[in-house]
Structures are given as C-alpha cells and as structure tokens.
1. Divide by every residue of the chain the summed helix terms, -39500 (n - 2.57) for each DSSP H run of at least 4, and state the resulting mean residue ellipticity at 222 nm, rounded to the nearest 500 deg cm²/dmol.
2. Tell me, what HN-Hα J-couplings in whole Hz come from the Karplus equation 6.51 cos²θ - 1.76 cosθ + 1.60 at θ = phi - 60° for each residue of the range 39-47, using x for Gly and Pro?
3. Quote the relative contact order of the chain in percent (integer), defining contacts as alpha-carbon pairs under 8 Å separated by 6+ residues.
4. Rg(Cα) of the chain divided by 2.2 N^0.38 Å?
5. Sequence-distant or interchain residues sharing an amide H contact under 5 Å with Arg83, placed H: which?
Amino acid sequence: MYNTTCASCHQSEKFIGSQFVDNWGDRRVGDFYTLIRNTMPVDNPGGLKDQQYLDVTAYILKANHSPATPDSLSTDTTIMRGRKIGVHP
C-alpha cells in the first residue's frame, strides 16, 4: 500500500526515525491516527478503509519502535486518545 498510496508524497525518513520522534514523540496515538484519517491520501482524504488507516498507523508506530498493547489501535479514537506515542530519540 505504501508504494501505491503513500510513496508519491512521503519518503520514509519523514515518518521513520528522528523526524517522526521530534514531531510525534509523547503525543497521543489518537491525534496521529486522526491526522492520517482526515488528511490522507492527499488526493482522496478519508478515502481508505478504516482497517487500512489502522494498518498505516500500526506500521509507522512499529517502525519507530513504539510499544504496542492489545487495545492500542481501534477505530474508537477514545481508546487511542488515552495512549501516548512512546518513542524517543
């Protein structure tokens, strides 16, 4: 999905590594998910399936070594608002 949907606008160093940590470390997972859900892809915001948005969020968090819990990600953003993105430089 990255190659067909995300790669045209995003290079991996923008969302994996120190730039992601600087922008999102200790912020809420729900805020990150909501941003992705409401603004991506840029040519069709909100146009992916809910599971695809959860998959993208999970992939980026995992790629940045953010610890996951079984209830970490859900289309219920109330759950995600209670969890911070646990990545640090």
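Just so it is clear, none of the values below were taken in a lab; they were calculated from the coordinates. Nothing here was measured: the structure is a model prediction, and the numbers come from that model.
1. Working: 4 runs with 37 residues, N = 89.
The helix-only estimate for the chain comes to -12000 deg cm²/dmol at 222 nm.
2. For the range 39-47, the Karplus-derived couplings read 10, 10, x, 4, 8, 7, x, x, x Hz, x marking Gly and Pro.
3. Numbers: 91 pairs, mean separation 36.0, N = 89.
Across the chain, relative contact order equals 40 percent.
4. Values: Rg = 12.3 Å, N = 89, 2.2 N^0.38 = 12.1 Å.
So the Cα radius of gyration is 1.01 times the expected 2.2 N^0.38 Å.
5. Distant-sequence amide H within range of Arg83: Val29, Gly30.
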